[in-house]
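Take a look at the structure set out below.
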Amino acid sequence: MATTHLDHHIALLNHLRTILVALGEAEQILDDSHANFLERYDELLAELPVDFESSQYLGQDLISQIFQRYPQIAHLVPRDLLWFFGGDCLHFMPDEEIELYQQLDERRFYAEENDEPFDWNQEKQLLAMPAPSSRH
């Protein structure tokens, strides 16, 4: 897995962690399991750069739990993380969005195979642009 691709998603996970911490500090969480959830989240952050394959399922589980445990911040979960972890996380994405991410991954793989530069965010913006209309 390309380092920049992994780094992008680790940065998104770190950003999401700050939101989760702020949620706990705002005392919007009524049970004591929030601290345990953050510990597991930190395990994911530590393990992901070392062994993506084994940490992928933990990532799927934790991201899915955010939607269930913290629905008030579900809209703040970066969509890239849903695609990155896949599996059950894809249930939170509409079909059109899944198609966009499939195209994005195809472009990324093509660029990697041909040793071409690839900017994930720029390509995502290009794919999200509406197709030019043929009407005048």
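Only the coordinates and a few stated rules stand behind these numbers; no lab work does. Please read all numbers here as calculations on a predicted model, not as lab measurements. Cβ atoms come from the backbone with ideal geometry, glycine included; neighbour counts cover every protein chain shown.
For the listed peptides 80-90, 10-20, 117-127, a ranking on the average number of other beta carbons within 10 Å per residue, highest first, reads 80-90, 10-20, 117-127.
Taking other C-beta atoms within 10 angstrom as a stand-in for reagent exposure, Val50, Val77, Val21 fall in the order Val50, Val21, Val77, fewest first. Axis angle, to the nearest 10 degrees, between helix 52-69 and the longest C-alpha principal axis of the chain: 70 degrees. For the chain, the longest principal axis of the Cα atoms and the long axis of helix 33-47 meet at an angle of about 50 degrees. Rounded if a/c is under 1.5, else prolate if a/b is larger than b/c, else oblate: which is the stretch 1-75, with a ≥ b ≥ c the root eigenvalues of its Cα gyration tensor? Since a/c reaches 1.5 and a/b is larger than b/c, the shape of the stretch 1-75 is classed as prolate.
Computed from these coordinates, which is Cα Rg over 2.2 N^0.38 Å: [x] 1.23; [y] 1.18; [z] 1.55? Answer label, from the structure shown: [y].
Between Asn36, Leu48, Tyr70, whose Cα lies farthest towards the positive end of the dipole of the stretch 3-77 when Lys and Arg beta carbons carry +1 and Asp and Glu beta carbons carry -1, centred on the Cα centre? Of the candidates, Tyr70 comes out farthest on the positive side.
Length gain on complete extension for the stretch Gln125 to Leu76, per 0.36 nm per residue less the alpha carbon to alpha carbon distance? Working shown, then result.
Working: separation 49, 0.36 × 49 = 17.64 nm, distance 1.84 nm.
The Gln125-Leu76 span can extend by a further 15.8 nm.
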